[in-house]
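Colleague: Got a structure for you, questions after.
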Amino acid sequence: MKSSDTYAQSNKYDVIVVGGGASGMMTAGTAAKNGKRVLLIEKNKELGKKLKITGGGRCNITNETFDTKKLLKKYGDAEKFLYSPFSQFGVQDTFSFFEGLGLELVTEARDRVFPKSQKAMDVFQTLHNFMAKYNVTVLKDTPVKKFHVSSDESVNGEKAIKSVETKDGEKYFAHNFVIATGGNSYPETGSTGDGFTWLKQLGHTIHQSSPNIVPLKTAESWVHELSGTSLSFMKITFYLDGKKSFSKTGKVLFTHFGLSGPLILNSAKEVSDILPHGEVTATIDCYPDTDHKQLEKNILKVFDANKNKSFKNIVKDIVPPGLSNTIIGFHIIPSVMDKVHSISKEDRKTIVHLLKALPVTITGLMGMDRAVVSDGGIPLTEIDTKRMKSSLYSNLYLTGDILHINRPSGGYSLQLCWTTGHVAGQLQ
């Protein structure tokens, strides 16, 4: 049975927002603040299901890049379309919005911004309170079946949406409609691409979704055996058929299927581009700020201080935490029981080389069920991004992950939700 936070007196509204995630809640609250009578329809039994788990439950709310030109470089080909919406509501506006509602924010490494409480639930509650303050009507556990188009052309010749019909057969009417149903990532949270189906039926082009920010699968058992181990500052270099393709630096998380963590997630799109063209391998540099010569000196210093100990007992002093057994597992010296003083210069150089280039074979990307963000959706050429309005319908607005925009992890996806939601909520 569907549930409602605020019960409606009729089925007619100024605005109907379909999708109760980050951008949907921002849109609904903004429109209501501007004096509109707003209905938010959500198919799940709760709002903000994905928002509550984003960032490992901490919620990377934005990225502290106040220079809009620099920020928009992160959105790839969408950059030129986003200057107008981000000039209306940018990163500084996000800070002002949430802090103005009592949510304290903190900036961490790589300019990522989180709630000071480190709780995604507090971000959700802030948005929920924002909507409640301005009397947004919320229908939960209410899947939408279809959109109905008006038989009359609007004044400017564009078609218009007349109503939405839910799966229980109820129809809701409004002057304006917003689709904020998200993409295909994290389908268990309800992001199953429903909006893409409706928009295709309405005549919009849909770019097929693919995992955009997603972990990588690897062949090596040593990677899988390190599941749960994270390395904070690593450099990974990817190769296509042995030829260097690209490198990135950041945090790596080892998993039972391969590699994850911010560094890997932000490499996934580029890896997906080269995978069809040959064998993709990678090397992990455990000490990217230390060259081979200096690393060998550092190791030699440890060896000199522990000459009569066995290698297995001092390996932890020369490798990042958690990698001791892995390095030993490569059998880089005849026996881990060998005394340090018996390790040859050649063996020492082999250790250095390994720490600067741990070998990995990439076998593929994890699927949509593991994707943090997926691309796909409506091309921005079919949207007036100054207003986030459909170019085909005079009263239809589109926000958040329904848009075909590539972006890395680090707060850029949620900033897109806040920006597009705010702009759509102006109903320009």
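The values are calculated or read from the model by the stated rules, or taken from the named source; none is laboratory data. The model shown is predicted, which means the values in this text are computed figures rather than measured ones. Virtual Cβ from ideal backbone geometry, glycine too; neighbours counted across all protein chains shown.
Colleague: Quick check on segment 91-113. Is at least one of its residues over 22 Å from residue 428 (Cβ atoms), more than 23 Å from the chain's Cα centre (by Cα) and surrounded by 13 or more Cβ atoms within 10 Å (Cβ to Cβ)?
Modeller: For segment 91-113, residues over 22 Å from residue 428 (Cβ atoms), more than 23 Å from the chain's Cα centre (by Cα) and surrounded by 13 or more Cβ atoms within 10 Å (Cβ to Cβ): present.
Colleague: Does residue 36 count as over 18 Å from the mean Cα position of the chain (by Cα) and either more than 26 Å from residue 396 (Cβ to Cβ) or touching a residue at least 24 places away in the same chain (Cβ under 8 Å) (or both)?
Modeller: The answer is yes for residue 36.
Colleague: Please go through segment 105-144 and pick out each residue that is in a loop (DSSP other than H, G, I, E, B) and basic (Lys, Arg).
Modeller: 116, 119
Colleague: Can you tell which of 89, 95 is under 30 Å from residue 378 (Cα atoms), in the same structural domain as residue 391 (by TED's automatic domain parsing) and free of Cβ contacts under 8 Å to residues at least 60 places away in the same chain?
Modeller: Going through 89, 95 in turn, just one is under 30 Å from residue 378 (Cα atoms), in the same structural domain as residue 391 (by TED's automatic domain parsing) and free of Cβ contacts under 8 Å to residues at least 60 places away in the same chain: 95.
Colleague: Something else about it: Quick one: how many residues across segment 232-252 are surrounded by fewer than 17 Cβ atoms within 10 Å (Cβ to Cβ), more than 16 Å from residue 362 (Cα to Cα) and touching a helix residue (DSSP H, G or I) at 6+ places or on another chain (Cβ under 8 Å)?
Modeller: Qualifying residue count for the region: 1.
Colleague: Being crowded, with 16+ Cβ neighbours inside 10 Å and among the aliphatic types (A, V, I, L, M) is the filter here; which residues of segment 218-231 pass it?
Modeller: Listed by number, the residues that qualify are 223, 226, 231.
Colleague: For residue 75, work out the one condition from (1) exposed (fewer than 14 other Cβ atoms within 10 Å of the Cβ); (2) modelled with pLDDT of 90 or more; (3) over 22 Å from residue 146 (Cβ atoms) it doesn't fulfil.
Modeller: (1)
Colleague: Further, regarding this structure: Which members of segment 375-428 meet the condition of being among the polar types (S, T, N, Q) and touching a Cys at 6+ places or on another chain (Cβ under 8 Å)?
Modeller: 399
Colleague: Another one. Could you list, in sequence order, the residues of segment 48-67 that are modelled with pLDDT under 95 and either among the aliphatic types (A, V, I, L, M) or in a helix (DSSP H, G or I) (or both)?
Modeller: The answer is 51, 52, 53, 54, 55, 56, 57.
Colleague: Is segment 152-159 home to any residue that is at pLDDT 95 or above, in the same structural domain as residue 43 (by TED's automatic domain parsing) and out of contact with any helix residue (DSSP H, G or I) (no Cβ under 8 Å at 6 or more places or on another chain)?
Modeller: Scanning segment 152-159, I find no residue that is at pLDDT 95 or above, in the same structural domain as residue 43 (by TED's automatic domain parsing) and out of contact with any helix residue (DSSP H, G or I) (no Cβ under 8 Å at 6 or more places or on another chain), so the answer is no.
Colleague: Continuing with this model, one more query. Provide a single number: the residues in segment 399-428 that are within 23 Å of residue 268 (Cβ to Cβ), outside any helix (DSSP H, G or I) and either without any contact (Cβ under 8 Å) to a residue 40 or more places away in the chain or not polar (S, T, N, Q) (or both).
Modeller: 7
Colleague: Taking the criterion of being within 14 Å of residue 126 (Cα to Cα), assigned to a helix (DSSP H, G or I) and of a type in the set (S, T, N, Q), would at least one residue in segment 10-26 satisfy it?
Modeller: The answer is yes, given that some residue of segment 10-26 is within 14 Å of residue 126 (Cα to Cα), assigned to a helix (DSSP H, G or I) and of a type in the set (S, T, N, Q).
Colleague: For segment 385-402, give me the residue count where each residue is surrounded by fewer than 24 Cβ atoms within 10 Å (Cβ to Cβ) and touching a helix residue (DSSP H, G or I) at 6+ places or on another chain (Cβ under 9 Å).
Modeller: 6
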